[in-house]
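A.B. asks: Sharing a structure, written as structure tokens. Questions coming.
The values are calculated or read from the model by the stated rules, or taken from the named source; none is laboratory data. What you are looking at is a predicted structure, and each value in this text was computed from that prediction instead of being measured. Quick reminder, even Gly has a Cβ in these numbers, built from the backbone with ideal geometry, and neighbours come from all protein chains shown.
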Amino acid sequence: MTELFQLDWHSGDAWPEWGADPPPRPAYEKHYVTGPHGDHHAGEVLDVVHGADVERPGETREYQILRCHPCCLIHAWPLPAPAALAAYYAREFYQRDKPDYVARYEQDRAWGEGCVHGPILQACLRYAPQTKTMLDIGAGPGIALDVGKAFGLETFGIEPNPDLCMVLERDRGHKMMADSLETVAERRLHHHGPPLAPWDLLYLYEVLEHQPNPEDFLLRCWDLLAAGGLLVVAVPNDYNSLQLAACARLGVQPYWLAPPQHLTMFTPKTLQLLLRRCGYAIVDTRATFPMEKFLFEDGRCYIGNNLIGRACHAERMAYELEAVRTGRWQQLEQEYRSNVALRIGRELVFIGIKID
């Protein structure tokens, strides 16, 4: 695929994703910090929010949302230590913060199979029909793995929660690792433990935004991919124009910010740049349904209201399932592809191929 966007990150002009009028910034916008491992971060502070402190369970802390020039990303600061973050996802994420997460995904399974993972994996098999093996990193409820298995792929998963791993392996027949990507990649690199053959397809659905160092994460993925293998990345599309318009109209703060769960806020441009500099050629881009449109309908503000949010999500699912049933899915999917250039849609889904 050709270059999607032009970028002059260090120019004095407005942030390119937003056009001529970027959102207002606090007076203390310039920020220069050095991380504990010598990593440097510098840029503008877009917002300040509070969230859980994963290094001190039960406490909260302030996070600055930094448009970081060295990283060419928008990310939270401070970034949690990887070990503390891994412990949080293994012991607290599902148990305390998202106790109904798995149940909701199961409730929405038909939509997840037919309108989310099914179309993505079908596209992958068109681009690389030789694909035989699939590794889902951050497998969660395992719906993507189930679809991959139905397509005839040999399915593997990495999931930090050991209880989910046990269910996916025992009841659904996937080969699971209750581990982190870092541990698996190191084992593969140094040939420790059982050999891990390169995979044909790596699947990262709503995973990359959780990583304190997404560039390092994607480079580890590169090491695990077979030559010519595919990488699927799906992330929230944050600071998009509909979100900013909703904040202005409703008088609310940026509601999409959720550190320490979401540490990086991606845009189409920053995701493209990250994938390309990590050694992937982008072969497919699409967005997902623009959920923000509900915020412009009277009485449909789902911000902070779970009941309205679930009703809006149910309406979105019914709309997409009807498109599948009536044979209009390809038309709708093309609309979602076009939305990437418009920088709208709640999530971004990019497919990249490993460049040797």
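A.B. asks: Kindly evaluate residue 267 against the criterion of being in contact (Cβ under 8 Å) with a residue 24 or more places away in the chain, surrounded by fewer than 21 Cβ atoms within 10 Å (Cβ to Cβ) and not aromatic (Phe, Trp, Tyr).
C.D. replies: Numbers: in contact (Cβ under 8 Å) with a residue 24 or more places away in the chain: yes; surrounded by fewer than 21 Cβ atoms within 10 Å (Cβ to Cβ): no; not aromatic (Phe, Trp, Tyr): yes.
It is false that residue 267 is in contact (Cβ under 8 Å) with a residue 24 or more places away in the chain, surrounded by fewer than 21 Cβ atoms within 10 Å (Cβ to Cβ) and not aromatic (Phe, Trp, Tyr).
A.B. asks: Which members of the stretch 126-182 meet the condition of being over 17 Å from residue 224 (Cβ atoms) and charged (D, E, K, R)?
C.D. replies: Within the stretch 126-182, 126, 146, 149, 163, 169, 170, 171, 172 meet the criteria.
A.B. asks: Give all pairs with beta carbons closer than 6 Å in which a residue from the stretch 287-301 that is basic (Lys, Arg) meets a residue that is buried (at least 19 other Cβ atoms within 10 Å of the Cβ); count only pairs at least 6 apart in sequence or on separate chains.
C.D. replies: 300/294
A.B. asks: If you go through the stretch 248-264 one residue at a time, how many are of a type outside the set (D, E, K, R), touching a residue at least 40 places away in the same chain (Cβ under 8 Å) and out of contact with any His (no Cβ under 7 Å at 6 or more places or on another chain)?
C.D. replies: Quick first cut of the stretch 248-264, residues of a type outside the set (D, E, K, R) only: 248, 250-264.
Adding the requirement that they be touching a residue at least 40 places away in the same chain (Cβ under 8 Å) leaves 250, 252-255, 257-264.
Of the ones still in play, those that are also out of contact with any His (no Cβ under 7 Å at 6 or more places or on another chain) are 250, 252-255, 257-260.
Count: 9.
A.B. asks: Tally time: how many residues in the stretch 306-345 are in contact with a Gly (Cβ under 6 Å, 6 or more places away or on another chain) and among the aliphatic types (A, V, I, L, M)?
C.D. replies: Qualifying residue count for the region: 1.
A.B. asks: Run down 119, 70, 80 and say which single residue is on the phi < 0 side of the Ramachandran plot, in contact (Cβ under 8 Å) with a residue 24 or more places away in the chain, out of contact with any Cys (no Cβ under 9 Å at 6 or more places or on another chain) and exposed (fewer than 15 other Cβ atoms within 10 Å of the Cβ).
C.D. replies: Numbers: 119 fails: exposed (fewer than 15 other Cβ atoms within 10 Å of the Cβ); 80 fails: exposed (fewer than 15 other Cβ atoms within 10 Å of the Cβ).
Only one candidate passes the filter, namely 70.
A.B. asks: Among (1) touching a strand residue (DSSP E or B) at 6+ places or on another chain (Cβ under 8 Å); (2) at pLDDT 90 or above, there is one condition residue 70 misses while meeting the rest; what is its number?
C.D. replies: (2)
A.B. asks: Still on this structure, I have one more. Within the stretch 129-222, which helices (runs of 4 or more DSSP H) (wholly inside it) include 2 or more residues that are of a type in the set (Gly, Ala, Ser) and modelled with pLDDT of 95 or more? Spell out the reasoning first.
C.D. replies: Numbers: elements: 143-150, 162-170, 181-190.
Fully inside the stretch 129-222 and qualifying: 143-150.
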